[in-house]
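Read the figures in this text as sums done on the coordinates, not as results from a lab. It should be emphasised that the depicted structure is a prediction, and the values quoted were computed from it without experimental measurement. Glycine gets a Cβ as well: all are built from the backbone with ideal geometry, and neighbour counts include every protein chain shown.
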Amino acid sequence: MMQAFHASIARHPMEVFHRLRRRFDDDVIPLAEIHVGFHRSLPLVIALVPEALAKLIRHVEKDRRWLDAGTFAVDIEQRVEL
């Protein structure tokens, strides 16, 4: 079982799909839930994203200069193998 969280700056949703494909492979694409903005209340976010990192993501989301840079990305994954 794998759970993953990805946050990044993108100008188009396809950029996010390309990043997910590079990071996690094609198998993850049909399962991906893409949201505009950071949603701290989502169960997966609560489970995987520490508060300090959530604050950083919120800061980047509000600071429009990051959009021009286009270089911000966070990947967190949790795997359980039985």
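Data for the structure
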quantity: Hits in the range 41-82 (condition: surrounded by fewer than 10 Cβ atoms within 10 Å (Cβ to Cβ) and under 16 Å from ALA4 (Cβ atoms)); calculated: PRO43, PRO50, ARG79, VAL80, GLU81
quantity: Residue under evaluation PHE38, criteria (1) surrounded by 10 or more Cβ atoms within 10 Å (Cβ to Cβ); (2) of a type outside the set (Lys, Arg); (3) more than 22 Å from LYS55 (Cα to Cα), criterion not met; calculated: (3)
